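The values are calculated or read from the model by the stated rules, or taken from the named source; none is laboratory data. Because the structure is a prediction, the values reported are computed rather than measured. In this analysis, Cβ positions are derived from the backbone assuming ideal geometry, glycine residues included, and neighbour counts consider all displayed protein chains. All accessible areas refer to the heavy atoms of the entire protein, side chains included, with ligands and DNA or RNA removed. Shrake-Rupley method; radii C 1.70, N 1.55, O 1.52, S 1.80 Å.
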Amino acid sequence: MLKTAMMAFSVLALSATTVVPSAEAAPRKAAAKRPPPQIPSAFRGNWDGANLCDMDSDMRMQISARSIQFYEDHGSVIAVRQISPTEIRLTMSVHYAGDEAPVRQTDTLRLVDGGRELVYGRGGTEASPRSYQRCYGMRRQ
């Protein structure tokens with residue numbers, strides 16, 4: 001009985017001193033990276049406010065997954081919030097021609113007429129919306 005008690009004590013003592021690796025010593029799992037925000041494909045393409053679809057139009061706008069290129073200005077996507085299938089709220093870092101520092105700006109883009117027209121609300125409001133027509137081909141006049 002003494003021998004059994006000694007064995008039990010040895011097992012308990014050994015298990016109490018067993019070293020368990022800490023979380024720091026354990027290999028870290030690769031942090032799941034979020035994909036960068038993108039403008040939905042329905043909004044992408046060439047647009048022109050004057051309905052000319054001319055490369056030299058000062059109302060021209062080209063929307064890609066991560067940026068918007070205006071006639072002289074350029075915006076890089078920071079965040080995209082889908083409001084509905086036809087409307088998004090877009091936060092961008094915009095570089096205006098002549099300005100040295102970019103400006104953070106939130107705008108609203110809404111597709112109408114089956115995606116043939118885009119209403120662009122600057123500053124995230126509809127206070128001064130501009131309408132653009134989708135261009136299926138850009139040309140020079």
Open item on the list: With every protein chain kept in place and ligands, DNA and RNA left out, what is the accessible area per residue of segment 70-137? Probe 1.4 Å, answer in Å².
Closed with: 54 Å²
Open item on the list: Computing the accessible area with a 1.4 Å probe over protein heavy atoms, can you report the carbon and sulfur percentage for segment 39-141?
Closed with: 46 percent
Task: Efficiency of FRET between residue 82 and residue 116 - r from beta-carbon atoms, R0 25 angstrom, step 0.05 - done: 0.80
